[in-house]
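Since the structure comes first, as structure tokens, the remarks are kept for the end.
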Amino acid sequence: WFMINKKGISCADQAPYVGYYRWLCPSKKKVRDYIKELIRPYLDLELLSGIHFDYIRYPDVILPIDLQKKYGIDQYKELDEYDFCYCSDCRDLFYQKTGLDIHRDFSDEEALLWKQFRYDNINQLVNELSEYVRSYSKKISAAVFPTPEIALKLVRQEWKKWDLDIVFPMLYHRFYHKDIEWIGQGIIEGKDIINPKIEYCAGLHLPFFENSHELIKAIEICRDRNCEGVSFFGNSPFDFYSVLKDYINCRKE
């Protein structure tokens with residue numbers, strides 16, 4: 001069930017980057033059914049409003065620039081050990097769709113077909129699970145990479161095609177060597193391509209804000225870009241809860 005990289009190594013045996021990077025292959029029906037089984041006990045809980053998806057993607061074929069430094073990797077191009085999934089099911093399904101063998105050299109056009117095949121594997125997984133969860137009158141949300149372009153390039157995640165109620169793009173600006181203003185540009189790029197019925201909640205990474213003024217600036221950018229909400233991840237270097245409480249009280253006044 002686990003993904004296999006281009007070198008033929010399963011991430012169950014050799015996880016990329018960190019030990020918990022052990023990914024199930026979305027092309028397999030048994031995997032999709034297994035995830036439904038995991039979700040199923042929660043869907044009867046009346047007080048539960050929905051199911052949230054995270055890590056619904058492939059392993060990072062290219063890390064954000066800041067993380068490449070952290071792990072001492074220069075990913076100037078896609079490297080075979082981080083390129084997933086080349087399992088027998090993926091090979092067979094892709095051959096059935098295109099008549100192409102994924103282990104031979106591709107033309108540029110054929111390489112795009114292989115990428116789209118993997119985008120579609122994740123799209124199918126998300127949308128199949130969304131339909132399943134909605135059949136129990138629950139909502140669906142997902143954490144995704146910050147912009148449509150970055151998501152496609154780094155983790156083969158085509159979230160503009162996902163049937164969601166809420167999306168949480170992870171606009172973690174310092175991972176990409178960007179300033180706070182970049183958050184606003186990321187919001188524009190995301191809101192331009194998703195269904196307007198989907199609520200857009202900008203994800204902010206608290207450790208990337210050195211003080212309360214920077215955080216408030218980011219929140220105001222999200223408001224100015226008409227986000228339906230803001231989410232926060234990680235530990236703050238300052239008293240985040242007091243800052244947020246004061247900000248909300250000021251908005252009420």
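The values are calculated or read from the model by the stated rules, or taken from the named source; none is laboratory data. Predicted model only: the values in this text are computed from it and were never measured. As a convention, Cβ positions derive from the backbone with ideal geometry for all residues, glycine included, and neighbour counts pool all protein chains shown. Surface accessibility is based on the protein's heavy atoms, side chains included, excluding ligands, DNA and RNA. Shrake-Rupley method; radii C 1.70, N 1.55, O 1.52, S 1.80 Å.
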Review point. Which percent of the accessible area of region 15-96 is formed by carbon and sulfur heavy atoms (probe 1.4 angstrom)?
Key: 51 percent
Practice item. Let me have the relative contact order for region 161-247, percent, based on Cα pairs under 8 Å that are six or more residues apart. Key: 33 percent
Check your understanding: What accessible area, in Å² to the nearest ten, does a 1.4 Å probe give for V61?
Key -> 0 Å²
Check your understanding: Over region 28-171, what is the relative contact order in whole percent, taking alpha-carbon pairs under 8 Å and six or more residues apart?
Key -> 33 percent
Study note, to complete from the structure: Given a Förster distance of 45 Å, the FRET efficiency implied by the Cβ-Cβ spacing of S107 and W1, rounded to the nearest 0.05, works out to 0.90
Review point. To the nearest 10 degrees, how steep is helix 181-191 against the longest Cα principal axis of the chain, on a 0 to 90 scale?
Key: 60 degrees
Point to revise | Apportionment of accessible area to carbon and sulfur, region 141-211, percent (1.4 Å) | key: 50 percent
**Study point:** Global form of region 27-152, assessed from the alpha-carbon gyration tensor, a/c cut-off 1.5
**Key:** oblate
Review point. In degrees between 0 and 90, to the nearest 10, how far off the longest principal axis of the chain does helix 212-224 point, with axes built from Cα atoms?
Key: 70 degrees
Review point. Relative contact order of the chain: what whole-number percent is it, with Cα pairs under 8 angstrom and at least 6 residues apart?
Key: 17 percent
**Study point:** Per residue accessible area in Å² of region 79-198, where ligands, DNA and RNA are left out and the probe is 1.4 Å
**Key:** 48 Å²
Check your understanding: So what is the calculated 222 nm ellipticity per residue for the chain, using -39500 (n - 2.57) for each DSSP H run with n of 4 or more, over all residues, to the nearest 500 deg cm²/dmol?
Key -> -12500 deg cm²/dmol
Exercise for review: Compute the Cα gyration tensor for region 174-253, then decide on rounded, prolate or oblate, letting a ≥ b ≥ c be the square roots of its eigenvalues: rounded whenever a/c is under 1.5, prolate when a/b is larger than b/c in the other cases, and oblate in all that remain.
Suggested key: oblate
Check your understanding: For region 119-253, what number of Lys pairs, 8 or more residues apart or on separate chains, have alpha-carbon atoms under 18 Å from each other?
Key -> 13
Study note, to complete from the structure: Once the dipole of region 154-253 is set up from charges on Cβ (+1 Lys and Arg, -1 Asp and Glu), the residue from the list F233, M170, L206 lying farthest towards its positive end is M170
Review point. Against the longest alpha carbon principal axis of the chain, how many degrees, from 0 to 90 and to the nearest 10, is the axis of helix 29-39 turned?
Key: 30 degrees
